[in-house]
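Remarks on the structure that follows.
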Amino acid sequence: MTEKKGQSESTEIVRVRLPKKRNREIFARAELMLGSNHIRVRCEDGVTRMGRIKGKIKKRLWIREGDLLIVVPWDFQDEKCDIIYRYIRPQVEWLQKNNYLSK
């Protein structure tokens, strides 16, 4: 039994959601908490936007400065976006290891 346990630790499977380009989703980093469900985020395309935490995410998890997120820029105001997903540490490590992050 200990052999199987050792093998499962070395082959850790991490499920990672990637941004869907057809839905205009991009990576972003949380920079500054502004209160009332708004966060300033620096997006992968180099633009700093005002992010709004959607209600579905607001109830389930906390977003802190420095977190990696998936955002969707608004069609009619490019300086604003909706935050739709937050990555946890093992997922960020997997993305860095597999060269999905530009930094």
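Tallying residues that are in contact (Cβ under 8 Å) with a residue 12 or more places away in the chain and of a type in the set (K, R) within the range 32-63 yields 5.
Residues in the range 71-102 that are surrounded by fewer than 16 Cβ atoms within 10 Å (Cβ to Cβ) and in contact with a helix residue (DSSP H, G or I) (Cβ under 9 Å, 6 or more places away or on another chain) were compared, and the one that is farthest from S36 (Cα to Cα) is Y100.
Among the residues of the range 34-46 satisfying the criterion of being aliphatic (A, V, I, L, M) and modelled with pLDDT of 90 or more, which is nearest to N98 (Cα to Cα)?
Looking only at the range 34-46, we keep the residues that are aliphatic (A, V, I, L, M), and these are 34, 39, 41.
Narrowing further to those that are modelled with pLDDT of 90 or more: 39, 41.
Values: I39: 27, V41: 23 Å.
Applying the filter and picking the extreme gives V41.
Out of N37, N98, which single residue is of a type in the set (S, T, N, Q) and farther than 20 Å from R15 by Cβ? The unique qualifying residue is N37.
Looking only at the range 1-29, count every residue that is surrounded by fewer than 10 Cβ atoms within 10 Å (Cβ to Cβ), at pLDDT below 85 and not small (G, A, S) and tell me the total. Total meeting the criteria: 11.
Evaluate the range 45-58: report whether one residue or more is of a type in the set (V, I, T), open to solvent by 40 Å² or more (accessible area, probe 1.4 Å) and over 12 Å from the mean Cα position of the chain (by Cα). Break it down into steps so the answer makes sense when it comes.
So the first thing to find is which residues in the range 45-58 are of a type in the set (V, I, T), and the list is 47-48, 53, 57.
In the following step, the residues that additionally are open to solvent by 40 Å² or more (accessible area, probe 1.4 Å) were identified as 47-48.
Then drop every residue that is not over 12 Å from the mean Cα position of the chain (by Cα), which leaves 47-48.
Scanning the range 45-58, I find at least one residue that is of a type in the set (V, I, T), open to solvent by 40 Å² or more (accessible area, probe 1.4 Å) and over 12 Å from the mean Cα position of the chain (by Cα), so the answer is yes.
The values are calculated or read from the model by the stated rules, or taken from the named source; none is laboratory data. Keep in mind that what you see is a predicted model, and the values were worked out from it rather than measured. Reconstructed Cβ throughout: ideal geometry from the backbone, glycine too, with neighbour counts over all protein chains shown. In case anyone asks, the SASA skips ligands and DNA or RNA and just uses the protein heavy atoms, side chains included. Shrake-Rupley method; radii C 1.70, N 1.55, O 1.52, S 1.80 Å.
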